[in-house]
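Peer 1: Below is one structure. I have some questions about it.
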Amino acid sequence: MDSAVDVAKDAADIVLLEKDLGVLLEGVREGRTTFANTLKYVFMATSANFGNMFSMAGVSLFLPFLPLLPKQILLMNLMTDFPEMTIATDSVDEEMVNYPRRWDIKAIRKFMVTFGILSSVFDYITFGALLLVLHATQVQFRTGWFIESVVSASLIVLVIRSRKPFFRSRPGKYLLITTLSIFAAALILPFTPLTALFGFSPLPVTFFLLIGLVVLFYVFAAEMVKKVFYKTVKF
């Protein structure tokens, strides 16, 4: 304890500032919470970047124009980073702190590949819908994919953050606020004065309906894949 003699405190590995062993329990719990939230960020960042690499590189082989301009990619990264930055304040499911966990690089790699490929699949579905169904122009294609990417990346954080179905695990306040804010900002952006600056254009209602349908199926598919993933991969 902090009230012990100096020689005892010098010899100790830990000095408790309060006469309460409960602080040790709180310290362990806080450490496990931090570890769980760190895993969420690693899962989100690795799978998103892995999927975007396949999407951007693959579609560039078939399009006569760049799928996104450099400034649009930077804006997309900036917007999708906001929800991820609040993961550190996110609430954690009780089962994630009941026992200690270790880094499992193999499991992280499997998660990255599984959800990265899933993300890329729905990107290609978006490409097909924009080009073959809606016959989008070059600017409309970029605007449509930008909106789909930002909205899906924001919402998928709510899916990945918990092993439970997303509607059974309440996210932290700041994570929820930033996710909904970025969701709204992505939909509003093409109708603001920033449209011309970033090379976007307003989209017809049919584009938003189709993009919304793709995102809805993406979230549903991610929930199904997550359920199977955690049954087959234990960590």
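The values are calculated or read from the model by the stated rules, or taken from the named source; none is laboratory data. Because the structure is a prediction, the values reported are computed rather than measured. When we count neighbours, we look across all protein chains shown, and the Cβ atoms used for this are built from the backbone with ideal geometry, even at glycine. Surface areas here come from the heavy atoms of the whole protein model, side chains and all, with no ligands, DNA or RNA. Shrake-Rupley method; radii C 1.70, N 1.55, O 1.52, S 1.80 Å.
Peer 1: Under the rule a/c < 1.5 gives rounded, and otherwise a/b versus b/c splits prolate from oblate, where does segment 53-134 land using the Cα gyration tensor?
Peer 2: Judged from the Cα gyration tensor, segment 53-134 comes out prolate (a/c at least 1.5, a/b above b/c).
Peer 1: With the alpha-carbon atoms as the only input, what is the per residue convex hull volume for segment 5-55 in Å³?
Peer 2: About 85 Å³ per residue, rounded to a whole number.
Peer 1: Given a 1.4 Å probe and every protein chain left where it sits, what share in percent of the accessible area of the chain is carbon and sulfur? Let's see the in-between values first.
Peer 2: Working: 9060 of 13090 Å².
The C+S portion of the solvent-accessible surface of the chain is 69 percent.
Peer 1: Give me the mean projected area, in nm² to one decimal, of the convex hull enclosing the Cα positions of segment 157-233. Show your work: numbers first, answer last.
Peer 2: Working: hull surface 26.2 nm².
The orientation-averaged projected area of the Cα hull of segment 157-233 comes to 6.5 nm².
Peer 1: Right, something else. For helix 22-60, what angle does its Cα long axis make with the longest principal axis of the chain, in degrees from 0 to 90 and rounded to 10?
Peer 2: Between the helix axis and the principal axis of the chain, the angle is about 20 degrees.
Peer 1: What do you get for Rg/Rh of segment 193-235 when both radii come from the Cα atoms and Rh is the Kirkwood radius?
Peer 2: So for segment 193-235, dividing Rg by the Kirkwood Rh gives 1.31.
Peer 1: Please check: in the Gaussian network model of the chain (C-alpha springs, under 10 Å), which one of 92, 28, 42 has the largest mean-square fluctuation.
Peer 2: Checking each option, the largest mean-square fluctuation is seen for 28.
Peer 1: Let me ask something else. Which angle between 0 and 90 degrees, to the nearest 10, do you get for helix 173-188 versus the longest principal axis of the chain when only C-alpha atoms count?
Peer 2: 10 degrees
Peer 1: Say the cut-off is 21 Å between C-alpha atoms; which of 71/226; 110/234; 173/231 go over it?
Peer 2: Beyond 21 Å: 71/226; 173/231.
Peer 1: Using unit Cβ charges (K, R positive; D, E negative) and no other charged atoms, how large, in debye to the nearest 20, is the dipole of segment 1-94 about its Cα centre?
Peer 2: Charge dipole of segment 1-94: 680 debye, to the nearest 20.
Peer 1: Moving to a separate point now. Can you work out the Karplus-derived ³J(HN,Hα) for every residue in segment 83-89? Use 6.51 cos²θ - 1.76 cosθ + 1.60 with θ = phi - 60°, whole Hz, and x for glycine or proline.
Peer 2: x, 5, 5, 8, 4, 4, 9
Peer 1: Let me ask another. Hey, got a sec? Which trypsin sites (Lys or Arg not before Pro) in segment 152-235 land in a DSSP loop and have at most 11 other Cβ atoms within 10 Å?
Peer 2: Of the trypsin sites (Lys or Arg not before Pro), the ones in loops of segment 152-235 whose Cβ has at most 11 other Cβ atoms within 10 Å are 234.
Peer 1: I would also like to ask the following. Taking the solvent-accessible surface of protein heavy atoms with a 1.4 Å probe, what is the per residue accessible area of segment 86-228 in Å²?
Peer 2: On a per-residue basis, segment 86-228 sits at 51 Å².
Peer 1: In cubic angstrom, how much convex hull volume per residue do the alpha carbon atoms of the chain span?
Peer 2: Details: hull volume 37.6 nm³, N = 235.
Roughly 160 Å³ of hull volume per residue.
Peer 1: In degrees between 0 and 90, to the nearest 10, how far off the longest principal axis of the chain does helix 105-128 point, with axes built from Cα atoms?
Peer 2: Approximately 20 degrees, to the nearest ten.
Peer 1: Something else about it: Which loop chymotrypsin sites (Phe, Trp or Tyr not before Pro) in segment 15-74, with loop taken from DSSP, have no more than 12 other Cβ atoms within 10 angstrom of their Cβ?
Peer 2: For chymotrypsin sites (Phe, Trp or Tyr not before Pro) across segment 15-74 that sit outside H, G, I, E and B with at most 12 neighbouring Cβ atoms in 10 Å, the list reads 62, 65.
Peer 1: Run the simple label-point estimate for residue 18 and residue 88 please: 7 Å along Cα→C-beta, distance reported in nm.
Peer 2: Between residue 18 and residue 88, the label points sit 2.3 nm apart.
Peer 1: Just how far, in whole angstrom, is segment 196-235 from segment 23-88 if you go by their alpha carbon centroids?
Peer 2: Centre-to-centre (Cα) distance: 15 Å.
Peer 1: While we're looking at this one, here's another question. Quick check: convex hull over the Cα atoms of segment 99-235, volume per residue in Å³, rounded to an integer?
Peer 2: With only Cα atoms used, segment 99-235 gives 131 Å³ per residue.
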